[in-house]
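Asker: Encoded as structure tokens, here's the structure I'll be asking about.
The values are calculated or read from the model by the stated rules, or taken from the named source; none is laboratory data. Since the model is a prediction, treat every value here as computed from it, not as a measurement. Reconstructed Cβ throughout: ideal geometry from the backbone, glycine too, with neighbour counts over all protein chains shown. Surface accessibility is based on the protein's heavy atoms, side chains included, excluding ligands, DNA and RNA. Shrake-Rupley method; radii C 1.70, N 1.55, O 1.52, S 1.80 Å.
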Amino acid sequence: MTEPGDPPGKTKKLVNGKKIFKEAVKHYREGGGSDLWVDASTLDLSYVSQQDLILNKDGSYSVNLIEVDMDQEASLALGKISLDRVGDSNHFKIRSDKYDFNIEWSNLMTKRNLFTAGAYILHHSNIGNYKMGTVYSWNFSARSFWIKFQNSTYIKP
């Protein structure tokens, strides 16, 4: 996959959405801030229905996946997503978003914010499968990045 302006012969890896959490953690630690491209058609959003979507002022929709089901791979990796309906169907394009552990200060004590704070600590400490070290080690090479989506996804009515 390439974008306009990419040098000839350059391709981008398109991540399978079924592995989004593992890929996002790994990319945060090792991607150097480069974009992560995800095939939206492979995301498992079967636990989300259109009744969970909130209509935004600009005509897009948003849903906090953690509030719908915090045990899902996409929920843990993406948190809140913004979507645009494709035609008048059940298909939606997911808007790009920054993987950056942003706290929503207006509503502090939510599941989303608790997971965000915990994920920030987990991603920066050198424990787990990606960087072994002591509990007090700190991973300074971790960088925020943009998650960009190719293709569309289905949200049940």
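Asker: Which of the residues spanning the range 93-105 are under 14 Å from V38 (Cβ atoms) and either modelled with pLDDT of 95 or more or not basic (K, R) (or both)?
Answerer: Hits for the range 93-105 are K93, I94, R95, S96, D97, Y99.
This table checks each residue for (1) open to solvent by 30 Å² or more (accessible area, probe 1.4 Å); (2) touching a Ser or Thr at 6+ places or on another chain (Cβ under 9 Å); (3) touching a residue at least 12 places away in the same chain (Cβ under 8 Å).
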{"position": "E23", "(1), (2), (3)": "yes, no, yes"}
{"position": "K26", "(1), (2), (3)": "yes, no, yes"}
{"position": "R29", "(1), (2), (3)": "no, yes, yes"}
{"position": "D35", "(1), (2), (3)": "yes, yes, yes"}
{"position": "A40", "(1), (2), (3)": "no, yes, yes"}
{"position": "L53", "(1), (2), (3)": "no, yes, yes"}
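Asker: Keeping to the range 1-48, report how many residues are closer than 21 Å to K156 by Cα, in contact with a Phe, Trp or Tyr (Cβ under 7 Å, 6 or more places away or on another chain) and either part of a loop (DSSP other than H, G, I, E, B) or modelled with pLDDT under 90 (or both).
Answerer: Qualifying residue count, the range 1-48: 0.
Asker: Tell me whether the range 118-140 contains one or more residues that are closer than 21 Å to G31 by Cβ, at pLDDT 85 or above, open to solvent by 40 Å² or more (accessible area, probe 1.4 Å) and assigned to a strand (DSSP E or B).
Answerer: Within the range 118-140, none of the residues are closer than 21 Å to G31 by Cβ, at pLDDT 85 or above, open to solvent by 40 Å² or more (accessible area, probe 1.4 Å) and assigned to a strand (DSSP E or B).
Asker: Next up: Among the residues of the range 55-77 satisfying the criterion of being of a type in the set (S, T, N, Q) and at pLDDT 95 or above, which is surrounded by the fewest Cβ atoms within 10 Å (Cβ to Cβ)?
Answerer: Per the stated criteria, the residue is N56.
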